[in-house]
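Engineer: So that we are looking at the same thing, I have put the structure below in structure tokens.
The values are calculated or read from the model by the stated rules, or taken from the named source; none is laboratory data. Please read all numbers here as calculations on a predicted model, not as lab measurements. Neighbour counts are summed over all protein chains in view; Cβ atoms, including those assigned to glycine, are modelled from backbone coordinates with ideal geometry.
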Amino acid sequence: MMSTVAKSRLYGILMTLYLGAVVVLCFANLGAGPAQNSFWGIPGDKIAHFLLFLPFPFLAWGCTRPREETVPYILIKIFLIFLLGLLLGFLTEYIQGYLPGRCRERLDFLADFCGITATCLGIVILKLCREKDE
């Protein structure tokens, strides 16, 4: 079994790779790309934004060193991770407005928000259920 320090380092490496992928996918001018498909009326690029920001809270949680996980600690930690995720989503959209071939879209930020929120809620539910079992 891996030590907690080794796990934190692994998550740190995964977070670095993830952030690199976010930068490339959000800032690179990838051309027009394929025609926009939709799923249940949701444009494909919004689904991509949702999926792109889905792993952020999980990776950020893993990067932190664990300690006794009381309910207040879990809630404060996930709230700070949530705020960091929102900042990342906001900054990517803001910077895109200054890049050629890219534009700012509020709905992209909304999709980022939904992805971050979904994972944060999942983490809280799992951690609180585990806390209740112990």
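Engineer: Name the one entry in Y98, Y94 that is at pLDDT below 90 and surrounded by fewer than 13 Cβ atoms within 10 Å (Cβ to Cβ).
Structural biologist: From the options Y98, Y94, the qualifying one is Y98.
Engineer: Looking at region 47-65, which of the residues that are more than 24 Å from Q96 (Cα to Cα) and surrounded by 12 or more Cβ atoms within 10 Å (Cβ to Cβ) is farthest from the chain's Cα centre (by Cα)?
Structural biologist: For region 47-65, the residue satisfying everything is T64.
Engineer: Just name the residue that is modelled with the lowest pLDDT out of those in region 24-46 that are part of a helix (DSSP H, G or I) and surrounded by 12 or more Cβ atoms within 10 Å (Cβ to Cβ).
Structural biologist: Filtering first and then ranking leaves G44.
Engineer: Oh, and also: From the list V124, V71, which one is among the β-branched types (V, I, T) and either modelled with pLDDT under 90 or over 16 Å from the mean Cα position of the chain (by Cα) (or both)?
Structural biologist: When all the criteria are applied, what remains is V71.
Engineer: Restricting the first residue to region 1-28 and requiring it to be farther than 13 Å from C63 by Cβ, which pairs with a second residue that is of a type outside the set (D, E) and at pLDDT 85 or above meet a Cβ separation below 6 Å and a spacing of at least six or different chains?
Structural biologist: C26/T92
Engineer: Provide a single number: the residues in region 71-92 that are in contact (Cβ under 8 Å) with a residue 24 or more places away in the chain and not hydrophobic (A, V, I, L, M, F, W, C).
Structural biologist: 3
Engineer: Please work out which one of (1) crowded, with 16+ Cβ neighbours inside 10 Å; (2) part of a helix (DSSP H, G or I); (3) over 12 Å from the mean Cα position of the chain (by Cα) is the condition I81 fails and give its number.
Structural biologist: (3)
Engineer: Within region 95-103, does at least one residue satisfy the condition of being over 30 Å from M2 (Cβ atoms), free of Cβ contacts under 8 Å to residues at least 24 places away in the same chain, part of a helix (DSSP H, G or I) and in contact with a Lys or Arg (Cβ under 9 Å, 6 or more places away or on another chain)?
Structural biologist: Scanning region 95-103, I find no residue that is over 30 Å from M2 (Cβ atoms), free of Cβ contacts under 8 Å to residues at least 24 places away in the same chain, part of a helix (DSSP H, G or I) and in contact with a Lys or Arg (Cβ under 9 Å, 6 or more places away or on another chain), so the answer is no.
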